[in-house]
1. Out of everything in segment 10-32 that is in contact (Cβ under 8 Å) with a residue 60 or more places away in the chain and among the aliphatic types (A, V, I, L, M), what residue ends up being most open to solvent (accessible area, probe 1.4 Å)?
2. Out of segment 344-359, which residues are of a type in the set (Gly, Ala, Ser) and either part of a strand (DSSP E or B) or surrounded by fewer than 21 Cβ atoms within 10 Å (Cβ to Cβ) (or both)?
3. Would you point out which residue out of Lys362, Lys340, Lys285 is surrounded by fewer than 16 Cβ atoms within 10 Å (Cβ to Cβ), more than 18 Å from the chain's Cα centre (by Cα) and at pLDDT below 95?
4. Out of (1) buried (at least 16 other Cβ atoms within 10 Å of the Cβ); (2) touching a residue at least 40 places away in the same chain (Cβ under 8 Å); (3) charged (D, E, K, R), what's the single condition that is false for Arg132?
5. Could you please let me know if Leu279 is in a helix (DSSP H, G or I) and open to solvent by 20 Å² or more (accessible area, probe 1.4 Å)?
6. Within the group Gly100, Gly149, which residue is open to solvent by less than 10 Å² (accessible area, probe 1.4 Å) and either touching a His at 6+ places or on another chain (Cβ under 7 Å) or away from the ligand (no atom under 16 Å from the Cβ) (or both)?
7. In segment 310-342, what count of residues is obtained for those that are part of a helix (DSSP H, G or I) and either out of contact with any helix residue (DSSP H, G or I) (no Cβ under 6 Å at 6 or more places or on another chain) or closer than 19 Å to Ser240 by Cβ (or both)?
8. How many residues are of a type in the set (Gly, Ala, Ser) and either in a loop (DSSP other than H, G, I, E, B) or more than 24 Å from Gly270 (Cβ to Cβ) (or both) when one looks only at segment 1-60?
Amino acid sequence: MNAFDFAPLLAPGLPPPAVKWTGFAKYNFIGGHNDADQVPLDDLIAAANAVLAREGRTLATYGLESGPLGYRRLREFLAQKLKRTAGIACDADEILITSGSLQALDLVNGILLNRGDTVIIEQATYQGALTRLNRLGVHAVGIPLDGDGMRMEALAAALEDLKRRNVRPKYIYTIPTVHNPTGTILSEARRHDMLRLAERYGVPIFEDDCYADLIWDGKRPPALHAVSKNGGVIHIGSFSKSIAPALRVGYIVAEWALLSRMLALKTDAGSGALEQMVLGEFCPKHFDAHVPMLTRALRAKLETLMDALNEQFGTAAEFDDPKGGIFLWLKLPDEIDTLKLFQPALAAGVAINPGPEWVTDKAYGKSRARLCFANPSHEAIRAGIAVLAEVCRREFGVPNRIANVERARA
Ligand SMILES: Cc1ncc(COP(=O)(O)O)c(C=O)c1O
């Protein structure tokens, strides 16, 4: 049978086609996967049974019987949890449940951005945010970070420079509470500075807080949304990192005036209902006990990863101890280009995220890589880093000492 040729009919300007999935690498340090052992399965099963037995017939209506913002019990849980942990004062009607926080990114971008617009973001940032901006034809100005998050003197200079050029950025996008990929937390003092600058230049803040529950000591600064005095912060979050990413449940906290504009763009007739119901049942009883167990397990994996990097790479691997989350932002010697390391590493079974894909300044990202330590087992972390060091030495001649044994360049 001849295949029908759709090619001439495809809409112009489509992104490049997706590549076929061929399974995960043996040593998988990419993406934002979670720790399989920490998915709270028994309690999720009990929650699913209980909520379906009690309310299952509401599945007969679009949006359950909660309306288009999402399952009411889940929104009520979020409102009280965000108040308690992040200081955010909002009610359930100022929360929109989305299909992952990626849909939240799309909806916020959808109501604010036009081709040719400018936004401000961290110099290293979430690839999913960067690719969206590129696809939308939006210019992203990257602001460098240090151990306390985005640098405020650099933000002030960028805002002033844009103002001089009559450019009003559409937002400042930030991941302030356990940043992806650097694992830093924006200090409380800088939160106040950022809000002052944003107010002075009339720019809203887009706060992406999906890792905020995964701080090692459990203590977080108040959300930017909580500290803002002028309502100019849109806050998004997710259950992907605190429970499980495959659930695809995220949320947006904003005033109704904004949510109503986003709802008009959310044309999917509601995000998946079962996962919202299960979370709405699970979270009030179990969320607070689950999160410290998860973070303890993640911290233990991070220790394994840092030990393995020190052992296999010695001084060739530089990194700061992340304050929480699931990523380590690795700096390798300048001669290593992680875009060129990626393929041979993958061929040897090790998947890493090359730094240039997570930055606005490619030179800054060249010798960096992001490693997700949540999903591989402790053994896989140790074995995977040993293989990565071997590949690095073969391709770039560094590290020249592996596990304290000096090697000649191959
Ligand atoms: C900073 C940031 N925002 C948003 C997302 C999207 O997550 P999800 O759609 O699973 O909620 C991720 C995923 O890794 C992320 O790192």
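1. If we filter segment 10-32 for residues that are in contact (Cβ under 8 Å) with a residue 60 or more places away in the chain, which is where we start, we get 15, 24-32.
Checking the rest, the ones that are also among the aliphatic types (A, V, I, L, M) come to 25, 30.
Values: Ala25: 25, Ile30: 54 Å².
Ranking the candidates gives Ile30 first.
2. To start, the set of residues in segment 344-359 that are of a type in the set (Gly, Ala, Ser) comprises 345, 347-349, 351, 355.
Answer for segment 344-359, where residues must be of a type in the set (Gly, Ala, Ser) and either part of a strand (DSSP E or B) or surrounded by fewer than 21 Cβ atoms within 10 Å (Cβ to Cβ) (or both): Ala347, Ala348, Gly349, Ala351.
3. Values: Lys340 fails: at pLDDT below 95; Lys285 fails: at pLDDT below 95.
Unique residue meeting the criteria: Lys362.
4. So the condition that Arg132 fails would be (2).
5. On the way: in a helix (DSSP H, G or I): yes; open to solvent by 20 Å² or more (accessible area, probe 1.4 Å): no.
Taking the combined requirement at face value, the residue does not satisfy it.
6. Numbers: Gly100 fails: either touching a His at 6+ places or on another chain (Cβ under 7 Å) or away from the ligand (no atom under 16 Å from the Cβ) (or both).
None of the other options fit; the residue is Gly149.
7. Residues of segment 310-342 that are part of a helix (DSSP H, G or I), as a first pass: 310-316, 338-342.
In the following step, the residues that additionally are either out of contact with any helix residue (DSSP H, G or I) (no Cβ under 6 Å at 6 or more places or on another chain) or closer than 19 Å to Ser240 by Cβ (or both) were identified as 310-311, 314-316, 340-342.
Residues meeting the conditions: 8.
8. Residues of segment 1-60 that are of a type in the set (Gly, Ala, Ser), as a first pass: 3, 7, 11, 13, 18, 23, 25, 31-32, 36, 46-48, 50, 53, 56, 60.
The next check asks that each one be either in a loop (DSSP other than H, G, I, E, B) or more than 24 Å from Gly270 (Cβ to Cβ) (or both); those that pass are 3, 7, 11, 13, 18, 23, 25, 31-32, 36, 46.
The total comes to 11.
The values are calculated or read from the model by the stated rules, or taken from the named source; none is laboratory data. Keep in mind that what you see is a predicted model, and the values were worked out from it rather than measured. Cβ atoms come from the backbone with ideal geometry, glycine included; neighbour counts cover every protein chain shown. Areas reflect the complete protein model, heavy atoms only, side chains present, ligands, DNA and RNA absent. Shrake-Rupley method; radii C 1.70, N 1.55, O 1.52, S 1.80 Å.
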